[in-house]
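The values are calculated or read from the model by the stated rules, or taken from the named source; none is laboratory data. Just so you know, these numbers come straight off a predicted model, no measurement behind them. Neighbour counts are summed over all protein chains in view; Cβ atoms, including those assigned to glycine, are modelled from backbone coordinates with ideal geometry. Surface areas here come from the heavy atoms of the whole protein model, side chains and all, with no ligands, DNA or RNA. Shrake-Rupley method; radii C 1.70, N 1.55, O 1.52, S 1.80 Å.
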Amino acid sequence: MKILITGSAGFIGFHLAQKLMKQNHQVIGIDNINDYYDVSLKHERLKESGIDIEEIAYNIPVSSIKSPNYTFYQLDLTDFTNLNALFDKEQFDVVCNLAAQAGVRYSLEAPFSYIQSNITGFSHILECCRHHSTKHLVYASSSSVYGLNEKIPYSTQDTTSHPISLYAATKKSNEVMAHSYSHLYNMPTTGLRFFTVYGPWGRPDMAYFKFSNKITNGIPIDVYHNGEMSRDFTYIDDIVEGVEKILFNAPQGNENWNPQLPDPSSAKAPYRLYNIGNNQPVNLLHFIETLENCLGQKATKNFLPLQPGDVINTWADVNDLVQDFDYQPNTSIEEGIQRFVNWYKEMYIASGLVKKA
């Protein structure tokens, strides 16, 4: 199949592209390579995929020297003209939209970047998929959409009407925008609410990565809400396994959907939402202790109150994903963090890429 992955220089997109091209799918990756975090990591991911970064120029295809099945374009989702031309040229079977402006706290500082990327950019993806008869659009949502909901574990049958960050609001908007296209144009769409993805090649703005930088450099780490928080940490391989299964199984309309008692996770249209997490929340202090053990260094902790936009606990109910796709995340936090630390020491310490925190 011919598959478009947006955000393919990003964390999840990189890993998904690696897996799909090894399975002989034809993969086209696009990414605007913005500087929200250090672009050198994005370049390293691309080089790992066989892309010569010296050849990258805007909207120019660069073929992988490692795999004849992978081609990369530097392209921004807000550039509708060139995005639509790419759809015209390639006629994708499936689209996986992972490109987005990420980060809860940064959305308090730079709100317009979230509107541009996550709303305008996503509307362009929807229009391109609509007009090119894409068989299935899979897109990244987030556990952040649950907002003020304190009922745990979080279920896709729960309401998500009270987001507490603009980032979360844009992800909720993606879900309702996708539903409108599924309803109006019979376009199959599946939204995936990711829960705290971590692992090798991860994002430097995530807590586990920032903690590693600071612990390694002997700098105190900020621990919010006095560490009385938990996250449903999900290892990257488990995430990619779930995404891969979903990509090739477009949703059908739910014939039993009841408009008087509407299920938010499905519709009469070919529309579906899934949580994709580990279904096993980990206390933040235990997580830090595991990271300390793997790094072989103790952290100095600076305890602070809860940050605006943060939620205290996340916990994914993944029963629907298990039932529909036999999804079985099986990487323990100890195993996953050890794999991350092994990569971190090789890539960021031994190679000298790590910057002072």
TODO: With a Förster radius of 45 Å, plug the Cβ-Cβ distance of Tyr185 and Glu346 into 1/(1 + (r/R0)^6) and report the FRET value to the nearest 0.05.
DONE: 0.45
TODO: Amide H neighbours of Val197 under 5 Å, at least 5 residues apart or on other chains, H built in the peptide plane: list them.
DONE: Thr234
Task: Spin-label pair Glu54/Glu334, simplified geometry with 7 Å Cα→Cβ offset, distance in nm - done: 4.6
TODO: Output the peptides 127-134, 322-329 sorted from most to least packed, where packing is the average of other Cβ atoms within 10 Å over each peptide's residues.
DONE: 127-134, 322-329
Open item on the list: Using amide H atoms built in the peptide plane, which far-off residues or other-chain residues are under 5 Å from Ala269 H to H?
Closed with: Asn254
Open item on the list: Can you give me the % of accessible surface on the range 33-133 that is carbon or sulfur? Probe 1.4 Å, all protein chains present, nothing else counted.
Closed with: 50
Task: Accessible surface, the chain, averaged per residue in Å² (probe 1.4 Å) - done: 42
- [ ] Quick one: grab the alpha carbon gyration tensor of the range 24-166, order the square roots of its eigenvalues as a ≥ b ≥ c, and give me rounded if a/c is under 1.5, else prolate or oblate depending on whether a/b is larger than b/c.
- [x] prolate
Task: Karplus-derived 3J(HN,Hα), 6.51/-1.76/1.60, for each residue of the range 68-84, Hz, glycine and proline x - done: x, 9, 10, 10, 10, 10, 7, 8, 9, 4, 6, 8, 5, 4, 6, 5, 5
TODO: Can you send over the carbon and sulfur percentage of the accessible area for the range 213-357, probe radius 1.4 Å, protein chains only?
DONE: 48
- [ ] For Asn84 paired with Asp35, estimate the spin-label separation in nm (one decimal), with each label point 7 Å from Cα along the Cα-to-Cβ line.
- [x] 3.1
Open item on the list: With the cut-off at 32 Å, tell me which of the pairs Lys47/Lys245; Lys19/Lys135; Lys47/Lys151; Lys66/Lys89; Lys42/Lys172; Lys151/Lys214 have Cα atoms farther apart than that.
Closed with: Lys47/Lys151; Lys151/Lys214
Open item on the list: From the phi angles alone, apply the Karplus equation (6.51, -1.76, 1.60; θ = phi - 60°) to the range 111-121 and give each ³J(HN,Hα) in whole Hz, x where the residue is Gly or Pro.
Closed with: x, 5, 5, 6, 5, 4, 6, 7, 9, 4, x
